[in-house]
DNA sequence: AAGTCGTGGTG
DNA sequence: TCACCAAGACT
């Protein structure tokens with residue numbers, strides 16, 4: 001276990017300034033309401049994985065109203081979860097949410113589990129989501145580390161522009177050392193640092209003029225050196241399986257009845273072999289089901 | 001452990 | 001314009 005030490009005076013200032021900033025500037029997201037249920041918070045966390053929060057809200061409202069509890073979602077066909085996922089992206093998350101709801105019914109009396117370990121065991125829940133749900137839904141101050149928190153800490157504490165591609169032991173140690181010792185403050189801290197990263201300490205064009213900890217930011221004091229890491233690999237898109245899979249699913253979502261194999265070629269007419277491969281992948285993933293008349297969302 | 005998995009806003 | 005990136009998980 002590596003340890004990281006942050007100067008007590010610096011730490012005190014970080015806590016006070018960032019928590020104060022958060023109390024003034026936090027967006028009033030519906031899942032931050034004092035009356036939000038653990039299920040509502042759980043849904044918001046999975047929906048927010050790799051997805052801008054602004055796009056989550058309408059889908060989240062739709063899901064909450066349609067499936068207000070784990071029981072409700074567990075009773076629905078998996079395909080309905082995929083259908084109502086719409087264009088939020090990474091539709092396997094919808095499937096895993098459905099599996100998670102069934103796991104909650106099977107193993108947790110239909111409740112969102114409270115321990116980090118039980119949360120982590122759910123499908124679609126990794127380190128980040130388990131810690132976030134523990135902290136935000138249950139008031140258990142686990143160390144939350146998301147892309148925002150990584151960026152804020154690497155700048156404010158380490159003085160670098162951007163974190164490494166994958167999470168390091170050093171970052172875990174810094175994040176743990178940065179947590180306030182008070183339980184309530186620690187939970188607020190998790191949300192506050194994330195919010196600061198999302199609204200001010202952004203990846204592309206940080207609004208340092210609006211930053212509450214500008215004077216003690218190590219990156220600022222170092223003169224804002226540019227990222228020294230290797231160039232990031234851009235995500236290819238045009239003509240990839242991802243694009244074709246997306247089109248296939250969009251067609252199936254927008255069609256109530258099964259779709260014939262021939263009709264699926266219309267999503268990528270130049271290459272039926274690619275369509276075959278993507279279809280096989282989607283079936284393998286459980287997102288699509290072969291039926292007599294062709295293909296449909298899973299029952 | 002690097003690759004894969006959607007989608008849309010934006011600087 | 002277009003490459004980058006967004007409350008990651010999984011293999």
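Based on the mean of other Cβ atoms within 10 Å per residue, sort peptides A:105-111, A:283-289, A:76-82 so the most packed one is first. Numbers along the way, then the final one.
Numbers: A:105-111: 13.6, A:283-289: 16.4, A:76-82: 19.1.
The densest-packed peptide leads the list: A:76-82, A:283-289, A:105-111.
Defining a contact as two alpha carbons under 8 Å apart and six or more residues distant in sequence, what relative contact order in percent does chain A show?
Numbers: 374 pairs, mean separation 59.1, N = 299.
Relative contact order here is 20 percent.
The angle between the Cα long axis of helix A:241-253 and the main principal axis of chain A comes to about 60°, on a 0 to 90 degree scale.
Which of rounded, prolate or oblate describes region A:65-155 when judged by the alpha-carbon gyration tensor and an a/c cut-off of 1.5? Walk me through the numbers before you get to the answer.
On the way: a/c = 2.54, a/b = 1.44, b/c = 1.77.
Taking the square roots of the gyration eigenvalues as a ≥ b ≥ c, region A:65-155 is oblate.
Look at where the Cα atoms of region A:74-91 and of region A:222-299 average out, and the two centres are 15 Å apart. Classified by the C-alpha gyration tensor, region A:241-296 has a rounded form. Its axis ratio a/c, with a ≥ b ≥ c, is below 1.5. Let's test this: bin the Cα-Cα distances of chain A at 5 Å from zero up to the farthest pair and state each bin's percent. Taking every Cα pair in chain A, the percentages come to 1, 5, 11, 14, 15, 13, 13, 11, 8, 5, 3, 1, 0, 0. Taking the inverse of the mean reciprocal distance over all distinct Cα pairs, the Kirkwood hydrodynamic radius of region A:12-99 comes to 14.2 Å. Compute the angle between helix A:53-66 and the longest alpha-carbon principal axis of chain A, please, reported from 0 to 90 degrees and rounded to the nearest 10. Taking Cα atoms only, the helix is inclined about 50 degrees. Between the Cα long axis of helix A:272-285 and the first principal axis of chain A there is an angle of about 70°, rounded to the nearest 10. Calculated mean residue ellipticity, 222 nm, chain A: -16000 deg cm²/dmol, from DSSP H runs (n ≥ 4) at -39500 (n - 2.57) each, averaged per residue and rounded to 500.
Applying 1/(1 + (r/R0)^6) with r as the Cβ-Cβ distance of residue A:24 and residue A:243 and R0 = 45 angstrom yields a FRET efficiency of 0.60. Highest mean packing comes first when the peptides A:290-298, A:174-182 are listed by Cβ atoms within 10 Å, giving A:174-182, A:290-298.
For a protection proxy built on the mean count of beta-carbon atoms within 10 angstrom, sort A:226-234, A:138-146, A:241-249 highest first, please.
On the way: A:226-234: 8.4, A:138-146: 20.1, A:241-249: 17.9.
Result, highest mean first: A:138-146, A:241-249, A:226-234.
Highest mobility in the GNM of chain A, judged by mean-square fluctuation with C-alpha springs under 10 Å and restricted to A:31, A:39, A:237, is found for A:237.
A short reminder: the numbers here are calculations on the coordinates, not readings from a lab. Because the structure is a prediction, the values reported are computed rather than measured. Ideal geometry is used to build each Cβ from the backbone, glycine not excepted, and the neighbour counts take in all protein chains shown.
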